[in-house]
Amino acid sequence: MAGEDSRVLVLPIVCGAMEENAFLYADDTTKDAFLIDPGAEPDKLISTLNKHDLTLRGILLTHGHFDHIGAVKALTEVFHVPVYAFHDSEFLSDPYMNLSARFGKPIVISDYTPVSDGTIIKLSDASPCTLRVIAAPGHTSDSILFFDEVNRICFSGDTIFKGTYGNYMLP
């Protein structure tokens with residue numbers, strides 16, 4: 001869904017009661033993929049990966065709210081892939097900060113690869129596709145963007161909403 005000559009495939013997947021947007025960012029040639037913000041419905045996300053014959057190489061989190069991290073544990077148990085998140089995220093380890101405690105299903109993510117502003121994440125050795133991390137505190141203190149500079153694609157989490165900026169009134 002990027003440029004005509006691009007090998008990048010971006011698949012949005014709406015998940016959960018909050019209708020959060022998860023995204024598959026994939027190399028259409030190698031079939032390697034990142035899953036960005038898997039907030040809920042791991043079976044639906046796995047089904048989409050299988051439907052498109054994609055190999056999951058990592059999970060990327062734009063921030064630590066429950067509706068963006070809710071399916072991480074189930075997915076890492078199946079795929080054993082790294083999770084990338086902001087290096088200074090108190091949200092991942094605190095169910096009150098990530099708001100999951102409010103819904104009676106506390107979420108804690110302790111095993112992740114920390115990234116910071118400027119970090120480049122390569123999809124795989126077989127793929128030229130990369131995403132650059134851009135620190136974007138505002139929605140949360142751990143909000144980051146993932147930017148594909150070649151294809152001009154940016155995954156912004158809740159930093160930007162359609163027609164406006166993201167909510168900044170929550171922890």
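The values are calculated or read from the model by the stated rules, or taken from the named source; none is laboratory data. As the structure is a prediction and not an experimental result, all values here were calculated from the model. Neighbour counts are summed over all protein chains in view; Cβ atoms, including those assigned to glycine, are modelled from backbone coordinates with ideal geometry. When the accessible area is computed, the model is the full protein with side chains, heavy atoms only, and any ligands, DNA or RNA have been set aside. Shrake-Rupley method; radii C 1.70, N 1.55, O 1.52, S 1.80 Å.
Give me the pairs, please: first residue somewhere in segment 143-158 and touching a residue at least 24 places away in the same chain (Cβ under 8 Å) and over 26 Å from Phe91 (Cα atoms), second residue anywhere and open to solvent by 30 Å² or more (accessible area, probe 1.4 Å) and hydroxyl-bearing (Ser, Thr, Tyr), beta-carbon distance under 6 Å, and either six or more positions apart or on two chains.
Listed by first residue and then by second, the contacts come to Asn151/Ser6.
In segment 3-52, which residues are open to solvent by less than 70 Å² (accessible area, probe 1.4 Å), assigned to a loop (DSSP other than H, G, I, E, B) and of a type in the set (S, T, N, Q)?
Ser6, Thr30
Need the failing condition index for Cys154 against (1) under 20 Å from Asn21 (Cα atoms); (2) assigned to a loop (DSSP other than H, G, I, E, B); (3) not polar (S, T, N, Q), just the number.
It is condition (2) that Cys154 fails.
Step by step: first the residues of segment 120-131, then only those that are open to solvent by 70 Å² or more (accessible area, probe 1.4 Å) and in a strand (DSSP E or B), then the one that is nearest to Glu90 (Cα to Cα). Which residue is that?
For segment 120-131, the residue satisfying everything is Ile120.
Could you list all residues from segment 59-76 that are more than 9 Å from the chain's Cα centre (by Cα) and either in contact (Cβ under 8 Å) with a residue 40 or more places away in the chain or surrounded by fewer than 23 Cβ atoms within 10 Å (Cβ to Cβ) (or both)? Let's see the steps before the verdict.
First, the residues of segment 59-76 that are more than 9 Å from the chain's Cα centre (by Cα): 64-67, 70-76.
Scanning segment 59-76 gives Gly64, His65, Phe66, Asp67, Gly70, Ala71, Lys73, Ala74, Leu75, Thr76.
Got at least one residue in segment 98-106 being open to solvent by 60 Å² or more (accessible area, probe 1.4 Å), over 14 Å from Gly39 (Cβ atoms), in a strand (DSSP E or B) and modelled with pLDDT under 95?
No.
Residues to consider are Asp142, Asp117; find the one that is at pLDDT 90 or above, open to solvent by 70 Å² or more (accessible area, probe 1.4 Å) and part of a loop (DSSP other than H, G, I, E, B).
Residue meeting the stated conditions: Asp117.
Only residues that are within 17 Å of the chain's Cα centre (by Cα) and either within 21 Å of Arg132 (Cα to Cα) or of a type outside the set (Gly, Ala, Ser) (or both): list them for segment 91-116, please.
Phe91, Leu92, Asn98, Ile107, Val108, Ile109, Asp111, Tyr112, Thr113, Pro114, Val115, Ser116
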